[in-house]
Each structure stands twice: as structure tokens, then as C-alpha cells.
Amino acid sequence: MLGLITKILGSSNDRALKNYNRQIESINALDDKYKAMKDAELQDQTRILRERLAAGETLEDIKYEAFAVVREAAHRVLGIRPYDVQLVGGLVLNDGTIAEMKTGEGKTLVATMPVYLNALSGKGVHVVTVNDYLAERDSSWMGQLYRWLGLSVGCITNDVPPEMRRTAYACDITYGTNNEFGFDYLRDNMRYSLNEMVQREFNFAIVDEVDSILIDEARTPLIISGPSESAIDLYIAVDKIIPSLVAQDYELDEKNKSIALTDEGSEHVEELLVQHGLLEEGSSMYDLQNVALVHHANQALRAHKLFLSEKDYIVNDGKVILIDEFTGRMMDGRRLSEGLHQAIEAKEGVDIQNENQTLASITFQNYFRMYPKLAGMTGTGLTEADEFAEIYKLSVISIPTHVPVARQD
């Protein structure tokens with residue numbers, strides 16, 4: 001029954017394409033009007049369309065005119081006139097949908113029309129590429145078209161300094177990689193004042209190779225880390241009291257590698273802390289202001305009683321290097337977390353290294369979901385259509401090629 005209905009009415013993709021093809025007729029009807037204009041008149045359309053938006057019209061109201069303007073401008077500036085199927089691709093992107101187009105169908109040019117339309121609002125459009133080369137190439141190549149029409153274009157690559165990033169994000173259109181956009185967002189969230197932030201409020205993003213970025217790398221975390229503000233002197237000072245503890249001061253479980261202070265042990269540790277000037281007499285190390293002492297004491301106790309030299313680690317060239325318990329191999333560069341490695345370094349009397357801590361982190365999935373309007377382009381989108389719908393509420397439209405495909409895939 002479902003197959004019969006599909007055969008009569010067409011698939012959802014076919015019905016969507018019919019709708020877009022009707023819209024193409026409205027754009028094509030404007031061709032003669034813009035072809036007859038001189039360059040200055042065509043360039044002035046940007047001002048006119050912006051004034052219409054300021055007067056209360058919506059992007060939907062000026063959509064056909066904007067697409068027709070870009071089509072004619074692309075022919076004059078780049079020597080390329082977008083085909084009807086490329087117009088369809090642009091309309092799909094403008095609707096916040098993923099356009100699946102075969103390789104070689106000119107997705108770079110397809111993006112210019114929805115980018116131009118949405119940039120007219122002045123809120124900024126981000127075009128996301130997979131590497132710096134493509135960001136620079138596309139911003140330079142298509143930037144000729146945008147600048148000719150009176151829009152500003154910026155590009156964010158790895159070597160762009162912060163002050164220039166703010167300028168690039170302030171442009172009508174900003175090209176860059178997913179990594180650069182994501183890390184700039186994290187850095188902005190670590191700023192101390194609004195004046196130091198480089199990005200502005202999110203508006204619209206078009207993601208190239210959208211399946212790679214939003215599906216394959218979706219859960220890849222972007223992480224900014226830095227040295228923790230651990231007190232190295234405190235590791236050394238607390239380490240000195242552990243050899244004074246006796247067996248009844250702690251409960252040791254070697255099998256599960258766990259150890260805990262007994263009540264008597266806690267009292268003994270507090271006495272030792274007072275003797276070494278680390279705790280005021282009459283106060284408890286379990287008071288809120290002394291919570292760091294509890295942490296350091298527990299880690300120092302684990303370092304002395306659970307981690308044995310030549311078994312769990314070795315000291316080589318003044319560094320504590322862990323040993324893999326299964327292979328017996330050294331794991332150079334691997335460090336224990338939460339101050340335990342520093343506690344072992346204090347025990348062995350080597351230089352104590354500051355631990356790195358995560359200062360800011362976000363996944364690509366969470367980052368791109370913050371855009372009010374999101375679209376993407378790819379050559380293989382339908383295979384991940386379910387994931388796009390479930391995670392990002394994005395549908396996928398497969399767009400036919402301009403001429404029939406000769407190759408056999």
C-alpha cells in the first residue's frame with residue numbers, strides 16, 4: 001500500500017523537489033530584469049534589499065530577488081552562471097536543510113545565494129569548511145562576488161591573531177574551519193570582559209562536508225587546558241608526615257588498590273599537621289577551609305602505601321614514569337590524575353610538575369546545535385538522514401545532477 005502511494009504521489013524527496021522547482025520559476029522570471037541593469041544598478045540592489053528588510057519585510061519576502069541578483073552577479077564577476085539545480089541547492093540550504101549534491105556539482109557556488117540572502121540581515125553568516133586551505137580558497141574566490149555586491153568577507157584560519165578575528169567575525173560573511181569556530185567560542189567563554197570576545201551572537205551557518213563534521217566528528221571534544229593552581233609546597237609538606245603513620249592508622253586493600261584513614265589515623269594525621277604548622281591547633285582538617293589538606297593527605301597516603309617503586313613506576317632522569325601492569329612497559333608521558341602523580345613525585349624527591357586541568361570543553365554536536373539556523377552540504381547525506389533528523393532536527397534533500405551521471409558508482 002505504501003509503495004503504491006509513493007508511486008502515485010512520489011517520495012517525500014520528489015515532492016520537495018517539485019516545490020523547489022516551482023520556486024525556480026519565480027527566480028528565472030526575474031532574469032531579464034537584472035540582465036538589463038548596468039553594473040552600478042545591480043550592485044545597488046544590496047542597498048535596496050537591505051532597506052526592504054529594515055522596513056519590515058522578511059528574508060522570505062526578498063528571497064527570489066536576492067537569488068536572481070547573485071545569479072547575475074556571479075555571471076559578471078566570476079564568469080559562472082548558476083544552473084537551476086544549483087538554485088535548488090541554494091533554496092534547500094536557505095530552508096535550514098541539508099543538500100545532498102554529487103561531487104563536482106559546484107557546492108561552493110551553490111552556497112553563495114543563501115549566504116548572500118541571510119547576510120543582508122547584518123547578523124552574520126558562517127561558512128564552515130573542513131580545513132584552512134578550503135576556508136582561504138572559498139573566501140578569496142567567492143569573496144570577489146560578495147565584495148562586488150557590497151558585503152564584507154572575513155576568514156578565520158589557525159594563524160589569524162585575536163584582534164583580526166574580531167574584525168573577521170564582524171563581517172557580513174565569515175569563512176573558517178569547524179575547529180577555529182569551536183575554539184573561538186571556548187576562548188570567548190573564558191574572557192573577563194565582553195570587549196575581549198571575538199564572536200558575536202550566532203545567526204546562520206552552512207557546513208560543508210556536513211556528514212563528516214556533524215556525524216563522524218560529532219562527539220569529538222574541543223578542549224582548552226592549562227596548568228592547575230596546585231600548591232607544590234603543600235605536596236612536599238604533607239608527604240613528610242606519612243612515614244610517621246602506623247598500621248592501625250589506615251585500612252589497606254591491595255587487591256582493589258584502595259586505602260582509607262581510620263578514625264585513629266585521622267586524629268594522628270591532624271596531630272602531625274599541627275606539629276608541622278599546616279593546621280591550627282583545635283581545628284579539624286575536615287573543616288571546609290581545610291578540605292585541601294584532606295585531599296593531599298589521602299593522595300600522599302596512596303603514593304606511599306599503594307604505589308611501589310620498580311613495580312608500579314620507576315624514577316628515570318628525575319621523572320616518575322608509570323609502568324603498565326600488564327606489559328611491564330614504561331608509559332612515558334602518561335600521568336596519574338587528581339594530584340596522585342605529584343604525590344608520588346614528592347615521595348621520590350623529584351621535581352613536582354603542575355598538572356594540566358580542563359578549562360573549557362565542547363563537542364561539535366553541542367556547538368553547532370546553538371545556531372538558530374543551520375544547513376549543510378555533502379555528497380553523501382541520505383545515508384545518515386536518520387542521525388541528522390534525530391540529533392539536529394535536519395532533513396536531507398537529494399538534488400539531481402545538472403546532466404545525467406555518466407560514471408558507474
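Tally the residues that are surrounded by 13 or more Cβ atoms within 10 Å (Cβ to Cβ) and either among the acidic types (Asp, Glu) or out of contact with any helix residue (DSSP H, G or I) (no Cβ under 6 Å at 6 or more places or on another chain) (or both), restricting the search to the stretch 279-300.
Going residue by residue through the stretch 279-300, those that are surrounded by 13 or more Cβ atoms within 10 Å (Cβ to Cβ) are 279, 283-285, 290, 292-300.
Narrowing the set further to residues that are either among the acidic types (Asp, Glu) or out of contact with any helix residue (DSSP H, G or I) (no Cβ under 6 Å at 6 or more places or on another chain) (or both) leaves 283-284, 290, 292-295, 298.
Within the stretch 279-300, residues that are surrounded by 13 or more Cβ atoms within 10 Å (Cβ to Cβ) and either among the acidic types (Asp, Glu) or out of contact with any helix residue (DSSP H, G or I) (no Cβ under 6 Å at 6 or more places or on another chain) (or both) number 8.
Kindly evaluate Arg407 against the criterion of being touching a Phe, Trp or Tyr at 6+ places or on another chain (Cβ under 7 Å), open to solvent by 70 Å² or more (accessible area, probe 1.4 Å) and of a type in the set (Lys, Arg).
no
Can you tell me which condition Val246 does not meet? The list is (1) touching a strand residue (DSSP E or B) at 6+ places or on another chain (Cβ under 7 Å); (2) open to solvent by 20 Å² or more (accessible area, probe 1.4 Å); (3) farther than 30 Å from Tyr146 by Cβ, and all the others hold.
If we test Val246 against (1) touching a strand residue (DSSP E or B) at 6+ places or on another chain (Cβ under 7 Å); (2) open to solvent by 20 Å² or more (accessible area, probe 1.4 Å); (3) farther than 30 Å from Tyr146 by Cβ, just (1) comes out false.
Say we look at the stretch 203-228 and pick out the residues that are modelled with pLDDT of 90 or more and assigned to a loop (DSSP other than H, G, I, E, B); which of these is surrounded by the most Cβ atoms within 10 Å (Cβ to Cβ)?
Applying the filter and picking the extreme gives Glu209.
Using beta carbons and a limit of 9 Å, which pairs, at least six apart or on different chains, have the first residue in the stretch 347-368 and in contact (Cβ under 8 Å) with a residue 40 or more places away in the chain and part of a loop (DSSP other than H, G, I, E, B) and the second one open to solvent by 70 Å² or more (accessible area, probe 1.4 Å) and not basic (Lys, Arg)?
Close Cβ pairs (under 9 Å, with a partner that is open to solvent by 70 Å² or more (accessible area, probe 1.4 Å) and not basic (Lys, Arg)) amount to Ile352/Ile236; Asn354/Pro227; Asn354/Glu229; Glu355/Pro227; Glu355/Ser337; Glu355/Glu338.
Only residues that are in contact with a Phe, Trp or Tyr (Cβ under 9 Å, 6 or more places away or on another chain), in a helix (DSSP H, G or I) and surrounded by 13 or more Cβ atoms within 10 Å (Cβ to Cβ): list them for the stretch 25-48, please.
The answer is Ser26, Ile27, Leu42, Gln43, Gln45, Thr46.
Quick one: in the stretch 312-328, of everything that is assigned to a loop (DSSP other than H, G, I, E, B) and touching a strand residue (DSSP E or B) at 6+ places or on another chain (Cβ under 7 Å), which residue is most open to solvent (accessible area, probe 1.4 Å)?
The residue in question is Asp324.
Restricting attention to the stretch 229-257, which residues are over 40 Å from the mean Cα position of the chain (by Cα) and part of a helix (DSSP H, G or I)?
The answer is Ala237, Val238, Asp239, Ile242, Pro243, Ser244, Ala247, Gln248, Asp249.
Anything in the stretch 231-277 that is in contact with a Gly (Cβ under 6 Å, 6 or more places away or on another chain) and of a type in the set (Ser, Thr, Tyr)? List them, or say none.
Tyr250
Are there any pairs, at least 6 apart or on different chains, whose C-beta atoms fall under 7 Å, with the first in the stretch 157-169 and modelled with pLDDT of 95 or more and the second among the hydroxyl-bearing types (Ser, Thr, Tyr), and if so, which?
Ala168/Thr174
Considering only helices (runs of 4 or more DSSP H) fully contained in the stretch 103-168, which possess at least 1 residues that are open to solvent by 40 Å² or more (accessible area, probe 1.4 Å)?
Correct list: 132-141, 143-148.
The values are calculated or read from the model by the stated rules, or taken from the named source; none is laboratory data. Computed from a predicted structure; not experimentally measured. In this analysis, Cβ positions are derived from the backbone assuming ideal geometry, glycine residues included, and neighbour counts consider all displayed protein chains. The area values use the complete protein model at the heavy-atom level, side chains included, leaving out ligands, DNA and RNA. Shrake-Rupley method; radii C 1.70, N 1.55, O 1.52, S 1.80 Å.
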